[in-house]
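Comments concern the structure below.
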Amino acid sequence: MTTPADVMVIAAHPDDAEFGVAGTVAQWTREGRQVVYVVCTSGEKGTSDRSMKPELLAQIREKEQLAAAQILGVREVKFLRYPDQGLEETPQLRKHIVGLIRMFQPSVVVTSDPYRRYLWHRDHRIIGQVTLDAVFPFARDYLAYPDLLEEGLEPHKVEEILFWAAEDVNYRSDITSTFDLKLAALQCHVTQVKELGIPDLKAWLRGFCRDLAAGENFELAEAFHRVQISGYPVSQANTLRSST
């Protein structure tokens with residue numbers, strides 16, 4: 001069974017998408033695009049509070065993610081609940097992502113850049129690579145997972161992939177008009193904002209997004225590496241602009 005959406009955002013943890021793509025998601029949903037989130041772990045290890053139990057933190061973080069998604073107009077959030085700090089590049093995980101891509105049939109998939117060098121959360125690196133492989137060629141080829149056909153999940157060709165936290169940026173999205181929504185969504189992640197220990201989150205985030213917009217004719221940006229799948233048209237859901 002398929003439930004088509006325009007955009008699928010695939011994140012390792014609750015709050016990853018808010019840091020990486022929330023302003024652009026808000027733009028898309030304003031335009032009537034259907035956006036779904038896939039959150040692969042519940043982030044149950046993301047705390048320095050030794051009194052916090054992982055099971056409780058997982059529940060809290062999923063509620064934080066749902067609240068953030070509601071602010072942004074995200075249609076649906078899928079929680080896969082793999083272990084935090086435990087994502088592995090396995091056939092099982094790849095097949096899980098392939099099945100979701102075939103279910104939602106997005107034109108655009110957004111995830112974390114797997115090729116960021118040196119300091120980078122391993123879960124981010126793994127889910128970026130697994131998502132890239134799932135998009136191409138596994139979601140496309142019916143012989144990759146023929147048993148998915150029995151579930152009604154036909155092959156699907158994604159048109160483009162956007163990677164946040166990329167070092168090789170080639171597209172920037174103007175989020176000047178949706179910055180406040182990005183901030184509000186990020187503030188839903190109370191547990192993680194506390195971990196950051198930033199006295200003025202709004203000022204820090206504005207400065208960060210201003211730096212990403214350097215050289216553009218707009219004030220605030222989110223930045224990505226964009227990969228267009230050869231031979232497919234550019235999705236109407238893509239609101240990004242080329243970097244200079």
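The values are calculated or read from the model by the stated rules, or taken from the named source; none is laboratory data. For clarity, every value in this text was computed on a predicted model and none was experimentally measured. So basically every Cβ, Gly included, is an ideal-geometry build from the backbone, and we count neighbours across all protein chains shown.
What to note about this one:
- Taking (1) in contact (Cβ under 8 Å) with a residue 60 or more places away in the chain; (2) among the β-branched types (Val, Ile, Thr); (3) within 26 Å of Leu183 (Cα to Cα) in turn, Val35 satisfies each apart from (1).
- Single unsatisfied condition, Tyr118 versus (1) surrounded by 14 or more Cβ atoms within 10 Å (Cβ to Cβ); (2) on the phi > 0 side of the Ramachandran plot: (1)
- Residues located in the stretch 98-112, provided they are under 22 Å from Ala223 (Cβ atoms) and either buried (at least 24 other Cβ atoms within 10 Å of the Cβ) or modelled with pLDDT under 95 (or both): Pro106, Val108, Val109, Val110, Thr111, Ser112
- Only one of Ala134, Ala166 that is assigned to a helix (DSSP H, G or I), modelled with pLDDT of 95 or more and aliphatic (A, V, I, L, M): Ala134
- Hits in the stretch 169-190 - residues which are of a type outside the set (Val, Ile, Thr) and in a loop (DSSP other than H, G, I, E, B): Asn170, Ser177, Cys188, His189
- Put simply, of Val227, Val193 the only residue that is free of Cβ contacts under 8 Å to residues at least 24 places away in the same chain and either surrounded by 14 or more Cβ atoms within 10 Å (Cβ to Cβ) or assigned to a loop (DSSP other than H, G, I, E, B) (or both) is Val193.
Matching residues to (1) under 14 Å from the mean Cα position of the chain (by Cα); (2) surrounded by fewer than 16 Cβ atoms within 10 Å (Cβ to Cβ):
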{"position": "Val7", "(1), (2)": "yes, no"}
{"position": "Val35", "(1), (2)": "yes, no"}
{"position": "Gln70", "(1), (2)": "no, yes"}
{"position": "Gly86", "(1), (2)": "no, yes"}
{"position": "His96", "(1), (2)": "no, no"}
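- Considering the stretch 108-137, the residues that are charged (D, E, K, R) and touching a residue at least 60 places away in the same chain (Cβ under 8 Å) include one that is nearest to Glu160 (Cα to Cα), namely Asp113.
- Check on Gln92, surrounded by fewer than 22 Cβ atoms within 10 Å (Cβ to Cβ), at pLDDT 95 or above and in contact with a helix residue (DSSP H, G or I) (Cβ under 7 Å, 6 or more places away or on another chain): no
- Those residues of the stretch 137-163 which are out of contact with any Phe, Trp or Tyr (no Cβ under 9 Å at 6 or more places or on another chain) and either outside any loop (DSSP other than H, G, I, E, B) or farther than 21 Å from Gln92 by Cβ (or both), in sequence order: Pro137, Pro146, Asp147
- Close pairs from the stretch 1-25: first closer than 22 Å to Leu205 by Cβ and at pLDDT 95 or above, partner assigned to a helix (DSSP H, G or I) and of a type in the set (Asp, Glu), Cβ under 8 Å, at least 6 apart: Ala12/Asp123; His13/Asp123; Pro14/Glu62; Pro14/Glu64; Asp15/Glu64
- Listed by first and then second residue, the pairs linking a residue in the stretch 173-185 that is in contact (Cβ under 8 Å) with a residue 12 or more places away in the chain and at positive phi to a residue that is part of a helix (DSSP H, G or I) and surrounded by fewer than 22 Cβ atoms within 10 Å (Cβ to Cβ), with Cβ atoms under 9 Å apart and 6 or more places separating them unless they lie on different chains, form an empty list.
- Any hit, the stretch 47-62, residues being buried (at least 24 other Cβ atoms within 10 Å of the Cβ), on the phi < 0 side of the Ramachandran plot and in a loop (DSSP other than H, G, I, E, B): no
- Checked against the criterion of being more than 22 Å from Cys209 (Cα to Cα), surrounded by fewer than 23 Cβ atoms within 10 Å (Cβ to Cβ) and β-branched (Val, Ile, Thr), the candidates Thr3, Thr29 yield just one match: Thr3.
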